[in-house]
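Working notes, structure below.
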Amino acid sequence: MSTALQRAERPASGERPDYDVVVIGAGFGGIGMGVELRKAGIHNFLIVDKNSDIGGTWHANTYPGVAVDIPSVYYSFSYEPPKQWSRMFAPGAEVKAYADQVVDAYGLRSRIRLNTKVVGGEWDEQQHLWRGRTDTGEVVTSRFVVGAVGGLEVPKLPEIEGIGKFAGKVVHTADWDHDYDYRGKQIAVIGTGATALQLIPELADVASRLTVFQRRPIWVVPKADFPIPELAKNIMVNVGPLRRVIRAAVTLGIDFGISGVGVFHSYIPGVVKLAQRGGGALYKAQLPGNDALAAQLTPDYAPGCKRPSVSNRYLRTFTEEHVELVTDPIQKITKTGVVTADGKLRKIDVLVCATGFRVMEKGFTPPYPLVGRDGVELGEFWDRERYQAYQGVSVPRFPNMFLITGPYGFAAGSYLAMIECTSRHAARAIKEAGRRGATAVEIKQEPHDAYFRKCQKRGAQTMWLSDACADSNTYYVNYQGDPAPIRPSTHFEMWLGNKYFPFSHYSFTARPATAAAPVQLKTVGAQR
Ligand code: NAP
């Protein structure tokens, strides 16, 4: 911990904020940020979350079958190996338990305030601090604010005529009702994305009749899932070098297999075509004697346009007697069921919406107004001038504000790997501000613009904007036609850019009134 950071804050004549840092969201993004703050020697922070428990997406998504869909070893922080995970692809409850493990290991529990929803925030240029407002009308001030609300935060209900009139049960996958008894019910699922493919086989086990309304099929590959033997788990937890080698190998595999192919698609278009052909053959092989069904379930966009998913049960579920795949478009929903374009009504008891989330959409990203310098509101700025952020983390005219999952921040792979990179970036900038006695740190326009230009240029070459994904309706491309949810780079570049960005890319200033007695970040000694 630096000497400068150890000094207590001297407020001089300025307003002293309630906290050095407020982190919005206690999912893995907020938890990872808390860890990085601790590591940087910054302890006067608060993590707020609207939910009644930590875990973010893993608190919200508890639908049957929920599990991580990349190998568990990679879906964890490099510094905290998961102690509980029983399988190669950990079930959701174990991932949530891992969030608790990290929180406890880094003493974050006392820094988290739950049931606290942020409804807006404004930058105070006079005092160099953020004023955040909560839904109870409380105002919390902080020198820095970190938005860690995640990319898949606001559930999207389908806009289908009559949905409000349905008299049965309606449930979204991100708000599963565990008190409802689904057994023996006629269940319909709208959507066939990464979530639905985990849920559908589970619902088939309990429903008297399951109808799946598919607008576009999904690519799914067999899941190499198996219990992790106790010995292997102990080795993974206790032998750091081995764990690091395995993580590096998985990262390289993802860089070559997903990020590389997607980002550098224009140089290697043949790879995607080959994968598509191979994928089609794999579907037929998994559904022997069912070529027509295999054809209905096979996407006509390339693998990787949407989140690549894994399952050993999904495709076969559609061969079960009581399971029907409907590819006719939905026309409307009535009081009793779903009517398709051919006029057929299918009566149902339960309507499950596996219809995804609002990603990089105005009003939802961020899900609250944030007003920076000169009265600029972040959502309006992005809507007007397109989603953009330096390394996915910081935006000009939003001093002392950092994002964990900002535009062009996430190199396809594990969200946790991205969180580690971007939260380290934010903590590094905050710590440097403390070291310099600065009260405001802001990304300069030129490096920001250079990064944005690079993303736009590279983004245009990616698979997601190519013909291969033209009909995929992927949320990797937002409503403005930009692949802003994805950083068009390898994982290695994401790691490098966030860890070693030059401090000269930021301006560090002290509030004029305190220029003679610079405000320092207050620290309360190393913890953990
Ligand atoms: P999604 O990928 O956005 O899929 C939504 C599905 O709903 C699509 O099939 C979509 O059809 C369909 N849909 C939406 N509106 C519709 C409408 N009005 N009528 C008919 N169909 C409609 O959402 P998701 O499956 O929830 O997955 C979101 C993300 O969650 C994934 O990409 C992944 O990143 C994450 N996830 C992660 C894990 C994990 O283990 N880490 C697990 C599950 C999910 P179209 O394809 O035609 O648009």
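Observations, loosely collected:
- Cα centroid separation, segment 404-443 to segment 314-332 (Å): 44
- Only one residue of Ile333, Thr405, Leu351 has its Cα farthest out toward the positive end of the dipole of segment 322-439, where Lys and Arg carry +1 and Asp and Glu -1 on Cβ, and that residue is Thr405.
- Applied to segment 134-146, the Karplus parametrisation 6.51 cos²θ - 1.76 cosθ + 1.60 on θ = phi - 60° returns per-residue 3J(HN,Hα) values of 10, 5, 9, x, 6, 10, 10, 9, 8, 5, 10, 9, 10 Hz, with x for Gly and Pro.
- P(r), alpha carbons of the chain - 20 Å bins starting at zero, rounded %: 21, 54, 23, 2, 0
- Heavy-atom surface of the chain, accessible at 1.4 Å and reported per residue (Å²): 41
- Counting only protein heavy atoms and a probe of 1.4 Å, the accessible surface of segment 36-127 is 51% carbon and sulfur.
- Close amide H partners of Ala90, meaning residues 5 or more places away or on another chain with modelled amide H under 5 Å apart, are Val68, Ser72.
- Its relative contact order, with pairs defined as Cα atoms under 8 Å and 6+ residues apart, puts segment 367-462 at 26 percent.
- Sulfur and carbon atoms: percent of accessible area, segment 141-201 [1.4 Å]: 48
- Calculated from backbone phi, Karplus (6.51, -1.76, 1.60) coupling profile of segment 109-124 in Hz, x at Gly/Pro: 3, 6, 9, 9, 10, 8, 6, 10, 9, 7, 10, x, x, 10, 7, 9
- Karplus-based coupling profile of segment 180-186, in residue order and whole Hz: 7, 9, 7, 5, x, 8, 8, with θ = phi - 60° in 6.51 cos²θ - 1.76 cosθ + 1.60 and x standing for Gly or Pro.
- Separation in nanometres of the label points that stand 7 Å from Cα toward Cβ, at Leu114 and Leu157: 2.6
- Relative to the longest principal axis of the Cα atoms of the chain, helix 196-206 runs at roughly 50 degrees.
- Helix 240-254 and the longest principal axis of the C-alpha atoms of the chain enclose an angle of approximately 60°.
- For the chain, the Cys residues with no second cysteine's beta carbon closer than 4.7 Å are Cys353, Cys421, Cys455.
- Total charge dipole magnitude, the chain, about the Cα centre, Cβ charges on Lys, Arg, Asp, Glu only, Debye to nearest 20: 1000
- Considering helices alone, the calculated mean residue ellipticity of the chain at 222 nm is -9000 deg cm²/dmol, with DSSP H runs of length four and up weighted by -39500 (n - 2.57) and normalised per residue.
- Charges were assigned to the Cβ only: +1 to each Lys and Arg, -1 to each Asp and Glu. The resulting dipole of segment 198-295 about its Cα centre is roughly 240 debye.
- Against the chain, whose longest principal axis comes from its Cα atoms, helix 491-500 is set at around 10 degrees.
- Sorting Glu230, Glu361 by solvent-accessible area of protein heavy atoms yields Glu230, Glu361, largest first, with a 1.4 Å probe.
- Taking amide H atoms as placed 1.01 Å from N in the peptide plane, the amide H of Gly356 lies under 5 Å from those of Lys156, each 5 or more residues away in sequence or on another chain.
- Remark on Val170: its backbone amide H falls under 5 Å from those of Leu351, a criterion applied only to residues 5 or more positions apart or on other chains, H modelled at 1.01 Å from N.
- Members of Lys165/Lys344; Lys96/Lys233; Lys185/Lys335; Lys233/Lys306; Lys444/Lys499 lying beyond 23 Å, as alpha-carbon distances in this model show: Lys233/Lys306
- Segment 231-330 - percent of accessible surface contributed by carbon and sulfur, probe 1.4 Å: 63
- Remark: relative contact order (segment 129-202) = 15 percent; criterion is Cα-Cα distance under 8 angstrom and separation of 6 or more residues.
- Accessible area (Å², 1.4 Å probe, nearest 10) - Tyr500: 130
- Look at the alpha carbon pairs under 8 Å that are at least 6 residues apart: their mean separation over the length of the chain gives a relative contact order of 23 percent.
The values are calculated or read from the model by the stated rules, or taken from the named source; none is laboratory data. What you see is a predicted model; the values in this text were computed from it and never measured. So basically every Cβ, Gly included, is an ideal-geometry build from the backbone, and we count neighbours across all protein chains shown. Calculation scope for accessible area: heavy atoms of the full protein, side chains included, ligands and nucleic acids excluded. Shrake-Rupley method; radii C 1.70, N 1.55, O 1.52, S 1.80 Å.
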